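The next block holds one structure in the form of structure tokens; read it before the comments.
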Ligand SMILES: [Zn+2]
């Protein structure tokens, strides 16, 4: 009778020690900081994720029915398929209202038509190396290098919107990563089709670009509304046509309409971009038309 009692006592002691240490004495795997290692191998029935829970792994999967971590753009939907009844997208509710401005800088180029193309986002002025933050909670779908966007991150949000962050000098995240609003997803830069360091920021719904200024006040660093109504009006720019020169200033301007000379700039290209003339630029800056511009030189527009 004594031996079994001793064994029971020994096992009870071992269990007590292991419970206090928070570890399993019979677990000989090396310790790891990976939180996934703490997931038990055998789940109780009530711990098995339900179908509803799995939707959390791929935001707005019911809308997109796909999760492509290579193809940047989701095939655009036909806006004519939009019913007259508007669809309301929640930007901010009791569960999540964490909008964070991706970068606090001046918008140097708004959404809209340009001479030869359509600008599907807003450009925010920054310096290479400045931290770029996620605008909303979500999951990284794209984190890669593209010839046009340069280093680009695309985050899909549970309300169906996707936000794009382009021309980054460095990407800090990887596809599949859960992101909270304000997380630094990369550093600003000048990669891809870009003239001067800036952040190109896009908001899309089912692949179709939405003017970010329809939902965000970039000067006040806040959302304009808790909801976004998606209807044909949201995409009226497509109906109007994409042509039409827009003389909005698009380029790297700093406070007081000062432009910093970049590689490839000339008085004529700057004058064209800002809708001014070479003679006006010369007059304002005490230059001659033959003056050779230096990289980094600041001139008044
Ligand atoms: Zn842009």
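Coordinate-derived values only; no laboratory data. Predicted, not measured: the structure shown is a model, and the values here were computed from it. Don't worry about glycine lacking a Cβ; one is built from the backbone with ideal geometry, like all the others, and counts go over all protein chains shown.
Sort the following peptides by mean Cβ neighbour count (other Cβ atoms within 10 Å, averaged over residues), highest first: 65-73, 183-191. Mind dumping the intermediate values first?
Details: 65-73: 12.3, 183-191: 20.8.
The densest-packed peptide leads the list: 183-191, 65-73.
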Check your understanding: What's the exposure ranking of 155, 124, going from fewest to most Cβ atoms within 10 Å?
Key -> 124, 155
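Taking only C-alpha pairs under 8 Å that are 6+ residues apart, what is the relative contact order of region 156-201 in percent?
Details: 57 pairs, mean separation 20.5, N = 46.
Contact order relative to length: 45 percent.
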**Study point:** Burial ordering of 116, 195, 204, fewest other beta-carbon atoms within 10 Å first
**Key:** 116, 195, 204
Point to revise | Neighbour-count order for 229, 203, fewest beta carbons within 10 angstrom listed first | key: 229, 203
**Study point:** Alpha carbon convex hull of region 107-240, projected area averaged over orientations, nm²
**Key:** 7.9
Check your understanding: Using a Förster distance of 22 Å, how high is the FRET efficiency between residue 232 and residue 114, based on the Cβ-Cβ distance and rounded to 0.05?
Key -> 0.40
